[in-house]
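Below: one structure, written as structure tokens.
The values are calculated or read from the model by the stated rules, or taken from the named source; none is laboratory data. Model, not experiment: these values are computed from the prediction. Don't worry about glycine lacking a Cβ; one is built from the backbone with ideal geometry, like all the others, and counts go over all protein chains shown. The area values use the complete protein model at the heavy-atom level, side chains included, leaving out ligands, DNA and RNA. Shrake-Rupley method; radii C 1.70, N 1.55, O 1.52, S 1.80 Å.
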Amino acid sequence: MLFDNKALKKLIIPLVVEQLLVITVGFADTVMVASVGEAAVSAVSLVDAINILLINIFAALGTGGAVVAAQFIGQGSKDKAKYSAKQLILITALLSVIIIVIAFNVPLLHMVFGNVEVDVMKNAEIYFLFSAMSYPFIALYNSGAALFRAIGNSKISMINSAVMNVINIILNAIFIFVFRWGVFGAVLATLIARAVACIVI
């Protein structure tokens, strides 16, 4: 056996915890924005359905690219591993930018959710547009985390994800309860938290 159960647990458990923490960012926004009103909660919940889908796509892309890098690492081809990692980062960045362009130019929310209440749609548009700005950060974070896992270090991305959640919750509290920014405050906190996590990874 190449990996015993202990080695697999060391790799898998931090990965599961990390993925739960990544999804928790949107959940924290929903919970903390509840004080603003029903329209805000509905808006965040609607947009988070799209966000979770895209986060999973970015995670899958990162994992696929990291598998290629891991194969080269296993072969001892360090230069090829570095090149494949660079390709993964580049492709991820380009895909996330394309998604941002689509988000800003196509009335996606109206196409997906149809006719919802005006207040809900107004809040959803704010949350979606600023969420879209965070896509490159979360996409690059997922790719970086996957590359760390490829070299057998899944703990660093789990810790980074926990830090991202702490930053998000603290900024949510400040922006929503102190500055009274509502949905904008929630999504700004998420944007900053994802940017910090991306830079760290």
(message) If I ask for residues that are within 13 Å of Ser157 (Cα to Cα) and under 15 Å from the mean Cα position of the chain (by Cα), which ones from region 1-40 would you list?
(response) Leu15, Val16, Val17, Glu18, Gln19, Leu20, Leu21, Val22
(message) Looking only at region 47-56, count every residue that is among the aliphatic types (A, V, I, L, M) and open to solvent by less than 50 Å² (accessible area, probe 1.4 Å) and tell me the total.
(response) 4
(message) When you scan region 31-40, do you find a residue that is touching a helix residue (DSSP H, G or I) at 6+ places or on another chain (Cβ under 7 Å) and under 26 Å from Ala93 (Cβ atoms), even just one?
(response) no
(request) Would you point out the residue of region 14-33, among those that are hydrophobic (A, V, I, L, M, F, W, C) and free of Cβ contacts under 8 Å to residues at least 24 places away in the same chain, that is most open to solvent (accessible area, probe 1.4 Å)? (result) Phe27
(message) Name the residue that is surrounded by the most Cβ atoms within 10 Å (Cβ to Cβ), counting only residues in region 111-165 that are closer than 23 Å to Leu191 by Cα and acidic (Asp, Glu).
(response) Glu125
(request) Tell me which of these Arg180 doesn't satisfy, since it passes every other one: (1) touching a residue at least 12 places away in the same chain (Cβ under 8 Å); (2) under 22 Å from Lys122 (Cα atoms); (3) among the charged types (D, E, K, R). (result) (1)
(request) May I ask you to list pairs of residues, at least six apart or on different chains, whose Cβ atoms are under 9 Å apart, with the first in region 63-84 being closer than 21 Å to Glu18 by Cβ and the second being assigned to a helix (DSSP H, G or I) and β-branched (Val, Ile, Thr)? (result) Gly65/Ile89; Gly65/Ile91; Gly65/Thr92
(request) Please enumerate the residues belonging to region 174-201 that are within 15 Å of Thr24 (Cβ to Cβ) and among the aliphatic types (A, V, I, L, M). (result) Ala186, Ala189, Ala193, Ala197
